[in-house]
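The values are calculated or read from the model by the stated rules, or taken from the named source; none is laboratory data. Quick caveat: nothing in here was measured; it's all calculated off a predicted structure. Neighbour counts run over all protein chains shown; Cβ positions are idealised from the backbone, glycine included.
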Amino acid sequence: MFVDKATITVKAGDGGNGCCSFHREKFVPRGGPDGGDGGAGGNVILEATNSEQSLQALVYNRHYQAQNGPGGKGSNLHGRKAPDITLKVPVGTVVTDRSTGEVIADMDEAGRQIVVARGGRGGRGNPRFATQTNRAPREWEPGEPGEEREIGLELKTIADVGLVGYPNAGKSTLLRAVSAARPKVAPYPFTTLHPVVGVIEYPDYSRITMADIPGLIEGAHDNVGLGHAFLKHIERTTVLAYVLDMGGVDGRTPWDDLAHLREELELYMKGLSKRATIIVANKMDLPGAEENLELLRSELSHELFEIIPVCAADGELGSFKETIRKAVEARRKSPFDF
């Protein structure tokens, strides 16, 4: 099951109490205070990893608590710091504080860690309260409570290329043709219900990640057809590859499909439709596809879009892989703000 939103409660460990103790030894009647300090409570840490593709592992247990710090003991024995607990989240997870709405962190890089609940400080033992006028203090300090907060987790897929298109345009078939990813393929709309990321590998061992975004429909920017759940996964892609059905569907033309898709992206997030773009003219084996391709080129003659005719179902990809590679590498050299 793919889960891209979760809410969890995290509780760091409380600090251990300080100890009130006095040194007792034969022939040492006034040994003085020797109570140890309490240990700090454990932290709760989030770590981004590429080994997780979904937040599913976190939805079954919504409460996570680190251990409390042990208390101090006599003979100046201090409590050790309690161990931290680390929760793994997929790269691309945005972490927010549910009470304030503040974004705590954007886990956009593998290995990145963030402390979301800090353990309480250990309390001081009675030697800490000794003074020149009070050499046998009986004061000690309790440990501080660990932080507790409710946090929201939202996954926004990170990929070099996002495949954008209407349902049943052939995005999943294209991803299967160029990578080892195996998204479900069927002859009906909305076969893909969550993003699937595949990796294109080249002979020189370079790699490009590509995300198959579930099909969009008109009104997606207003959350029609779960539009927001799908559109958010496009936000971070470097290059947009619009996959068009060149056979025409339900009386629509490929250039109308492209115009509507770009409009939905722009209405959802200003500037998104202006991201580096490649047009994938798919299903070139269908009747009328060649004529539609010429008309598409004519309609887009004023644009600088690269149009790549393919038939993904037959594995006929033309220059798709190399064109995608050039576009991604160009954006890596000239990055832009998301």
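Could you list, in sequence order, the residues of region 163-179 that are touching a Pro at 6+ places or on another chain (Cβ under 9 Å) and either outside the structural domain of residue 248 (by TED's automatic domain parsing) or at positive phi (or both)? Walk me through how you get there before you give the answer.
Quick first cut of region 163-179, residues touching a Pro at 6+ places or on another chain (Cβ under 9 Å) only: 166-168, 171-173, 175-176.
Residue satisfying the conditions is 168 alone.
Just to be sure, is residue 58 outside the structural domain of residue 236 (by TED's automatic domain parsing), modelled with pLDDT of 95 or more and either of a type in the set (Asp, Glu) or more than 19 Å from residue 143 (Cα to Cα) (or both)? Before the answer, list the steps.
On the way: outside the structural domain of residue 236 (by TED's automatic domain parsing): yes; modelled with pLDDT of 95 or more: no; either of a type in the set (Asp, Glu) or more than 19 Å from residue 143 (Cα to Cα) (or both): yes.
For residue 58, the condition - outside the structural domain of residue 236 (by TED's automatic domain parsing), modelled with pLDDT of 95 or more and either of a type in the set (Asp, Glu) or more than 19 Å from residue 143 (Cα to Cα) (or both) - is not met.
Yes or no: region 1-11 includes at least one residue that is part of a loop (DSSP other than H, G, I, E, B) and buried (at least 24 other Cβ atoms within 10 Å of the Cβ). Full working, then the answer.
Our first condition is that a residue be part of a loop (DSSP other than H, G, I, E, B); within region 1-11, this holds for 1-4.
This time we only want the ones that are buried (at least 24 other Cβ atoms within 10 Å of the Cβ), so: none.
Scanning region 1-11, I find no residue that is part of a loop (DSSP other than H, G, I, E, B) and buried (at least 24 other Cβ atoms within 10 Å of the Cβ), so the answer is no.
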